[in-house]
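Here's the structure we're looking at; comments come further down.
The values are calculated or read from the model by the stated rules, or taken from the named source; none is laboratory data. Keep in mind it's a predicted model, so treat the numbers as computed, not measured. Every residue, glycine among them, receives a Cβ derived from its backbone with ideal geometry; neighbour counts consider all protein chains shown.
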Amino acid sequence: MSKTASFRAFAGIALVGAMALGITACSGGSSAESTGAAGSDGELTTIGFVAVGPEGGWRTANEQNIQDSFSKENGFDLKYAPATNGDQNSQITAFTSFIDEGVDAILLSATEATGWESVLERAQEAEIPVVLLDRGIEPNDTSLYTSHIAPDNVGISASAAEWANAQFPDGANYVVLEGPPGLSVVNDRNKGWDETIDANMKKLESQSANWSTEEAKSVFETILKANNNDVQLVFAQNDEMGLGAALAVEEAGLKPGTDVKIITIDGTKAALTALSEGRLSFVAEYNPLFGDTAIDVVKSALAGETVESDIVVPSVTFDSPEAATEALPTRQF
Ligand code: AHR
């Protein structure tokens, strides 16, 4: 049965104008305290970007968008500091160096959700605004940072579960392929899914495949064998792992999209191509392109204006090959 081509815009809290849990950030650093971009003296605003580094299609698109947005032409000198092999200690070292350098603002995409309190307090003492990109911190003490900018992980995974409920009104066996343990996005994606999935849907396994196609293929091959292929659905928490699951399904002589439906999150071109081919069944975008919003937040913070502590980036979902085919020509990542 061909599903009507459709995609839904999934916007959480409006980007601007919503009731703000306003935090007036202190102007930070050594320069451009007035405008947040090149000051009247032409000096660039210095930004320390404590980043994750190479991790997959989504991360590449997000970090490139941030670096393109905070360009010298836009009045910024962005210092990019990717983690070493995803290691939080390397991020904390870079974060501390940026404080010591007296950058004007720090952007953080955390490789772990916990363990940030002391460096965030040090940035506050130095009056350097910190903006969290994508990844949150736990416990989520909003007094420790200026703003968090990301799509709504809880809402996105809830919309995936709603789709799954509609696909399997009489229930099904399913498997969750998670990102690395300890990440806020993984916890939130589990939360949204678990709160929404119907009681007659049976979770056989929930296992991390660390955002990796290869690892997801291996993990799901093992699970299929252990369950005599009696799995009808996979909730993969990112595109790469969903594509790995599709390979495992094909390796088992089954047909992805028919024998096993696969849901993914991110919305990269690779995933939408697989959806257009019927190898994936539902793709929820986790929009990585929010550099302009981050610039607005940094400028407002440096100007001493009230800034929303949680800014939700709108995202869409794709639930059919037709919707994916229609969208692909204009996709940017
Ligand atoms: O934090 C966002 C997640 O990190 C993306 O869903 C995943 O692809 C990336 O590696």
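Odds and ends about this structure:
- Output for the range 49-93, where each listed residue is of a type outside the set (D, E, K, R) and part of a loop (DSSP other than H, G, I, E, B): VAL52, GLY53, PRO54, GLY56, PHE70, SER71, ASN74, GLY75, ALA83, THR84, ASN85, GLY86
- Condition check for VAL186: crowded, with 19+ Cβ neighbours inside 10 Å and within 12 Å of the ligand (Cβ to nearest atom): yes
- Count of the range 121-141 residues which are within 16 Å of the ligand (Cβ to nearest atom), surrounded by fewer than 24 Cβ atoms within 10 Å (Cβ to Cβ) and not hydrophobic (A, V, I, L, M, F, W, C): 4
- Given (1) assigned by TED's automatic domain parsing to the domain that holds GLU162; (2) within 14 Å of the ligand (Cβ to nearest atom); (3) crowded, with 23+ Cβ neighbours inside 10 Å; (4) not basic (Lys, Arg), index of the condition LEU233 fails: (2)
- Subset of the range 87-119 [without any contact (Cβ under 8 Å) to a residue 40 or more places away in the chain and in contact with an Asp or Glu (Cβ under 6 Å, 6 or more places away or on another chain)]: GLN88
- Among the residues of the range 207-230, the one identified as assigned to a strand (DSSP E or B) and within 16 Å of the ligand (Cβ to nearest atom) is SER208.
- Summed over the range 284-325, the residues that are within 23 Å of GLY75 (Cβ to Cβ) and part of a strand (DSSP E or B) give a count of 3.
Quick grid of which residues meet (1) away from the ligand (no atom under 16 Å from the Cβ); (2) closer than 23 Å to ARG189 by Cα:
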site: GLY242; (1), (2): no, yes
site: GLU251; (1), (2): yes, no
site: GLY257; (1), (2): yes, yes
site: THR264; (1), (2): no, yes
site: ALA271; (1), (2): no, yes
site: TYR286; (1), (2): no, yes
site: PHE290; (1), (2): no, yes
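- Checking LEU78, LEU108 one by one, the residue that is surrounded by 15 or more Cβ atoms within 10 Å (Cβ to Cβ), within 14 Å of the ligand (Cβ to nearest atom), in the same structural domain as PRO129 (by TED's automatic domain parsing) and within 24 Å of the chain's Cα centre (by Cα) is LEU108 and no other.
- Residue among THR60, THR46 that alone is among the β-branched types (Val, Ile, Thr) and surrounded by fewer than 17 Cβ atoms within 10 Å (Cβ to Cβ): THR60
- Looking across the range 40-72 at every residue that is away from the ligand (no atom under 16 Å from the Cβ) and among the small types (Gly, Ala, Ser), the one that is nearest to ASP104 (Cα to Cα) is identified as GLY48.
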